[in-house]
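Reviewing the structure listed below.
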Amino acid sequence: MKSIIFIITIILTHLSFGQIPKGRVQDKYYEYCHQNLSKLVQSEVYPYFATNELCSIKKCFRGISYPEINEIIYKRIVELAQLNFEKKIYLYLVEGNRSVERAEKENENLQDDNRLIYISVDDFINAKEITKGKDLYNTETERLTKRK
């Protein structure tokens, strides 16, 4: 039964990530694949999980699944927040019902006071693992902003 629920969750997660229409400002940063990232430790439990493919926000959030894999992904998410901040790309991740539309509305004026670009990472499923990844990214960005 747990396997069926997990498979359904994965399928729905993949469907939800397809909700971001192409050509929007979100796409550029959601799908951007960074180069020269640190090498991640391979999971002993899931040795065939391709950690070298975790180069974008999209690939990280689509990979969220088992706790052992999630810990690897969470490390990469924090690294992506740091890299984006260094490049002066200030992203704020959002999730939840209609988050794609909410992000697009917030992105209508990219020259506002906060200079944030809003990215929807989950428009359908409200999984605690996705929330944790989103919170890690946003917290790291906020920490770096205060240090600036």
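Every read-out reported here was derived from the displayed coordinates using simple, explicitly stated rules and does not represent laboratory data. What you see is a predicted model, and the numbers here were worked out from it, not measured in a lab. We place every Cβ from the backbone using ideal geometry, glycine too, and count neighbours over all the protein chains shown.
Assess whether Gly63 counts as being small (Gly, Ala, Ser) and without any contact (Cβ under 8 Å) to a residue 24 or more places away in the chain. Yes, satisfied.
So that you can scan it fast, the table gives a plain yes or no per residue for (1) outside any loop (DSSP other than H, G, I, E, B); (2) in contact with a strand residue (DSSP E or B) (Cβ under 6 Å, 6 or more places away or on another chain); (3) among the β-branched types (Val, Ile, Thr):
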residue	(1), (2), (3)
Phe49	no, no, no
Lys58	yes, no, no
Ile77	yes, no, yes
Phe85	yes, no, no
Leu93	yes, yes, no
Lys105	yes, no, no
Arg115	no, no, no
Ser120	yes, yes, no
Lys132	yes, no, no
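Note on region 86-126: residues that are over 16 Å from Tyr29 (Cα atoms), of a type outside the set (D, E, K, R) and in contact with a helix residue (DSSP H, G or I) (Cβ under 6 Å, 6 or more places away or on another chain) amount to 2. Against the numbered list (1) closer than 14 Å to Leu136 by Cβ; (2) hydrophobic (A, V, I, L, M, F, W, C); (3) crowded, with 18+ Cβ neighbours inside 10 Å, Ala103 comes up short only at (1). Can Arg102 be described as at positive phi and without any contact (Cβ under 8 Å) to a residue 60 or more places away in the chain? Here the answer is no, as Arg102 does not meet what is asked.
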